[in-house]
Amino acid sequence: MTLCEFFGCAFIGFGPAIAMLTLTIAQDPVLVIIVFGSGFFWLLSSLVSSGLWLLIGLTSMAHTIHLVLSVTLSVLCQEGFRYLLYLTMKMFNNGLNNMFDSNVVNWKMMSYAAGVGFGVMSGVFSVVNVLADAVGPATVGLKTGSDKFLLASASLAFCFVLLHVFWSVIFFHAVDTANFAKISWVIVTHLLASTLTLLNTSGHYSAVVIPNYVIVLLTAGIAFRAAGGTLNSLKSSFSPRIVVRCHESRSLEQNRKIARERLLTLLDNHINGEDSVEAQIKRETKRVSDIISEMKRERREKIRKLKESVANAKKTSNDSQENS
């Protein structure tokens, strides 16, 4: 029974994080590196906050003040290292863009991956000792304490994984746009969510879990807007779409032919001619034409660069011949 309890709480806390890593990050090696790097930055923030905690001498204060100041110091260190991570990733992204013609990884995806790394590491350190006790041989809450302690701890771990993802997306966008209101939102909600966990010792778990999940919902909405999401894009994500993939290995004519075939198939399947289908056809036709135009532009740019390199090579050769 204790083993079932362990796996249940572990999957509550880290199941969504595992899904995010598997479905959205594992296929891209750059994002995987960012996840591990951001986890390392979270560890550094924990190390620095622990060192400051010993240096300042918070242990000599009253217990309540000691806990509040410790949480505040830890949160400020985490946000400081989130900013250092932002600066490091910005330099890393600029270096990649200088090496290649276009963006290797979307900057918003990089901020998302950084949040996943922060969240997973935070969740592991907050709940790993609790999960170790959940294996047995005893069961939490059998004689003393509450049997809801494990469930509340796992739910809070899941909550902070999501919050760190949303906080990173908001924070990176806010620093890019110099939006101090969003930066303040990240810091204040981080302090509030962390301070609420101090109520766990009183056994009022609902007073901790429910407000934290309200913060999750509010922060998710702000992160969605910061990532460029709109109400229309949210609606369109739940509607059926035509997927037309244009590959550089195919010719432009082949890509046009594939697009026409997909559009004709959609028309055959929807002979009623509903307005929503017609609007979707127009939207997808425009998207395909934009993709083809972008491919043409990239091809012209490559030809121009090739001509410039050939001209430079000829000029260098002529100069060397004149010098000889």
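Might you let me know whether the range 143-155 holds any residue that is within 21 Å of Leu44 (Cα to Cα), at pLDDT 85 or above and within 20 Å of the chain's Cα centre (by Cα)? No - not one qualifying residue is present in the range 143-155.
Matching residues to (1) part of a helix (DSSP H, G or I); (2) loosely packed, with under 14 Cβ neighbours inside 10 Å; (3) modelled with pLDDT under 85; (4) not assigned by TED's automatic domain parsing to the domain that holds Ala193:
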{"residue": "Asn93", "(1), (2), (3), (4)": "yes, no, yes, no"}
{"residue": "Met110", "(1), (2), (3), (4)": "yes, no, no, no"}
{"residue": "Val116", "(1), (2), (3), (4)": "yes, no, no, no"}
{"residue": "Ser122", "(1), (2), (3), (4)": "yes, no, no, no"}
{"residue": "Val128", "(1), (2), (3), (4)": "yes, yes, yes, no"}
{"residue": "Asp133", "(1), (2), (3), (4)": "yes, no, yes, no"}
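All told, Val161 meets the bar of being out of contact with any Ser or Thr (no Cβ under 6 Å at 6 or more places or on another chain), assigned to a helix (DSSP H, G or I), within 16 Å of Gly39 (Cα to Cα) and not charged (D, E, K, R).
Among the residues of this structure, Phe14 does not count as one that is under 14 Å from Val116 (Cβ atoms), surrounded by 16 or more Cβ atoms within 10 Å (Cβ to Cβ), at pLDDT 90 or above and among the hydrophobic types (A, V, I, L, M, F, W, C). Annotation note: Cβ proximity below 6 Å between a residue of the range 151-177 that is farther than 17 Å from Tyr213 by Cβ and a residue that is among the polar types (S, T, N, Q) (sequence gap 6+ or interchain) occurs for Ser168/Ser111; Val169/Ser111; Phe172/Ser111.
Kindly provide the set of residues from the range 202-214 that are surrounded by 18 or more Cβ atoms within 10 Å (Cβ to Cβ) and either over 19 Å from His190 (Cβ atoms) or of a type outside the set (S, T, N, Q) (or both), ordered by number. Selection gives Tyr205, Val208, Val209.
The values are calculated or read from the model by the stated rules, or taken from the named source; none is laboratory data. For clarity, every value in this text was computed on a predicted model and none was experimentally measured. Counting neighbours? That spans all protein chains shown, and the Cβs are built from the backbone with ideal geometry, glycine included.
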